[in-house]
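Take a look at the structure set out below.
The values are calculated or read from the model by the stated rules, or taken from the named source; none is laboratory data. In this text the structure is predicted, and so the values were computed from the model without any measurement. Virtual Cβ from ideal backbone geometry, glycine too; neighbours counted across all protein chains shown.
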Amino acid sequence: MRRRYAKTVHPRGLLRSLLDWARGRDQRLLRGGPGQPLLLMSYPSGQEDVARELEAAYLHTLPGLLDGIAAPYRPMLAALPPLVVVLLRPSNVCGCLGHHHLAGLESGLARRLAADLGEAVGEIDLAYENIRRWQPQPISSLAAAGAGDSLPRLHFHAALLTVLLHELEHLAFADHPERQVRRASDSFYAALMRELLRSERGIAYGMEDC
Ligand SMILES: [Zn+2]
Ligand SMILES: [Zn+2]
């Protein structure tokens, strides 16, 4: 029996997911400092650059900020399960920058780990190409201030860490309303960009008014 397909439909999201699947995925374990849960990143093979960026943000940038601009996130980090799976994808069909996964709706990877380890395992996903294109408020003022060539790189670094912490907060405190979580991450992003620009170029751009 022959089947005829009058029309082949390739929803973009599905096609991209299938291509990711075909390419396979790699995992990397991030062991942060005291007070930081273990993160198990799962990312499409070949996306080492993205994995390295998140690794640097979590292992190098964040610890240096926990006594400063990231101090408000300390209680949240302490409230997380000891291991959180971070699924990195280029994009989400819904267009979101990331999600936290509700208990019971985690991927097979997180569920297997929880069963094998006998520990609670949390899970979030991050859509790194959406995060790269994300345009939070202060970025236009930075561009206008002539932050120049380094802006896209610094933005990606800051935005990855910001969205990571945003989704981790949802995971840690399910009762925090979106408005509150968003307000915290907006001010964290702005403060982090100031820090990164200051340390990279020794220049403060006077974003305090933004
Ligand atoms: Zn979504
Ligand atoms: Zn949110």
Single match in LEU80, LEU160, LEU88 (criterion: closer than 15 Å to SER185 by Cα and at pLDDT 95 or above)
LEU160
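Yes/no per residue for (1) without any contact (Cβ under 8 Å) to a residue 12 or more places away in the chain; (2) out of contact with any strand residue (DSSP E or B) (no Cβ under 8 Å at 6 or more places or on another chain); (3) not aliphatic (A, V, I, L, M):
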position	(1), (2), (3)
MET76	no, yes, no
VAL86	no, no, no
VAL93	no, yes, no
LEU97	no, no, no
GLU106	no, no, yes
Residue hits (region 158-190; more than 12 Å from ligand 2 (Cβ to nearest atom), surrounded by fewer than 19 Cβ atoms within 10 Å (Cβ to Cβ) and part of a helix (DSSP H, G or I)) are SER187
Going through region 64-83 in order, the residues found to be within 16 Å of ligand 2 (Cβ to nearest atom) and crowded, with 17+ Cβ neighbours inside 10 Å are TYR73, MET76, LEU80
Return yes or no: is LEU117 surrounded by fewer than 15 Cβ atoms within 10 Å (Cβ to Cβ), touching a residue at least 24 places away in the same chain (Cβ under 8 Å) and farther than 23 Å from GLU178 by Cβ?
yes
The conditions are (1) loosely packed, with under 14 Cβ neighbours inside 10 Å; (2) more than 17 Å from LEU29 (Cα to Cα), and ARG52 fails exactly one of them. Which is it?
(2)
Residue, farthest from GLY46 (Cα to Cα), within region 91-112, restricted to residues that are away from ligand 2 (no atom under 15 Å from the Cβ) and buried (at least 18 other Cβ atoms within 10 Å of the Cβ):
GLU106
